[in-house]
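Structure first, commentary second.
Nothing in this text is a laboratory measurement; each read-out follows from the coordinates by a stated rule. Bear in mind that the values here come from a model prediction, so they are computed numbers and not experimental data. Neighbour counts run over all protein chains shown; Cβ positions are idealised from the backbone, glycine included.
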Amino acid sequence: MARSLLPSVQIPVCLYQVGSLIVDSGPSNARRFLRKQTWTPAPRAVLLTHFHEDHSGNAAFFHRQFQSALYGHPFTATKLKTGFRLLPYEKIMFGGAEPAPLVHLHHGDSFEYEGRLFEVLETPGHAEGHLCFYVPQEGWLFSGDMYVAERIKIWRRSENLALQIESLEMLSRLSFDALWCGHNPQPKGGPELLKKKLEYFRWFYGLAAEAFRKGLSEKEAIRFMGLRERHLVKLLTFNDVSVAHMVRSVYETERKRAALRPSSGL
Ligand SMILES: [Zn+2]
């Protein structure tokens, strides 16, 4: 549903319809596509996994068009209350998110909707207030951006690897089959895919933490880990997306952990 910064590359963005319930709303750049769809039954409720514009961009549209009730984490609600500023690359790729009123959902909430029980799980790390929606009786997990791919090699400045590892540990213990990802739907084998991503993240964290203990700079760490900076991506996103941010996320966590550790000899 969205274009990338390179005209030849399309970035898929998914929204899901379950009866009159919609999970995520797609980017506002895809509004024309949404208008052409026959929405049967009419969406009565929209759940948002997180505030990012490719997931929340049409929340206001559903609210206006169908009077759909909108639901999300309080942090998502705060972001959407006024709308939020985007970097140029985000605007080109996805379009903005208009202000929209959200009803709050919290970790541990559950609700029945058209005969299915939905459980709300807070899974921070990719974005503050990120939620997943678990439907045990169907074996579904609506996972927003918790999966996307097994190996994520670039990273937004605001992401936190240690938190994502904790969130993935929680999700990979659930019993389900279909991983309804916001960019890469996987109808089967969801927990195994999340475990593979978890293994990769643990490998990345371990090696970056080793580089930190060796006193390497972030640049040296990238080389030490056998990675390569994506200079074009970094440039096009005004340094919002890069390999260095992923390493930095580990460095920041390790710095905090080192400060909390009692010094030896005491
Ligand atoms: Zn996102």
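Observations on the model:
- Sorting Thr76, Thr253, Thr82, Thr38 from the fewest to the most surrounding beta carbons within 10 angstrom yields Thr38, Thr82, Thr253, Thr76.
- Value at 222 nm in deg cm²/dmol, rounded to 500, when DSSP H runs of n ≥ 4 in the chain each add -39,500 (n - 2.57): -11000 deg cm²/dmol
- Sorted peptide list for 83-90, 17-24, criterion being average Cβ within 10 angstrom, highest first: 17-24, 83-90
- Rg/Rh, computed from the Cα trace of the chain with Rh as the Kirkwood radius, has the value 0.99.
- For the peptides 241-247, 212-218, 44-50, the ranking by packing is 44-50, 241-247, 212-218, with the highest mean count of neighbouring Cβ atoms within 10 Å listed first.
- Folded to 0 to 90 degrees: helix 161-172 orientation relative to the chain principal axis, Cα: 50 degrees
- By other beta-carbon atoms within 10 Å, ranking His73, His107 with the fewest at the front produces His107, His73.
- Efficiency of FRET from Cβ geometry, Phe111 and Glu252, R₀ 35 Å, rounded to 0.05: 0.45
- Count of lysine pairs in the chain with Cα separation under 19 Å (8 or more residues apart, or interchain): 12
- By the count of neighbouring beta-carbon atoms within 10 Å, fewest first, Trp39, Trp203, Trp155 end up ordered Trp203, Trp39, Trp155.
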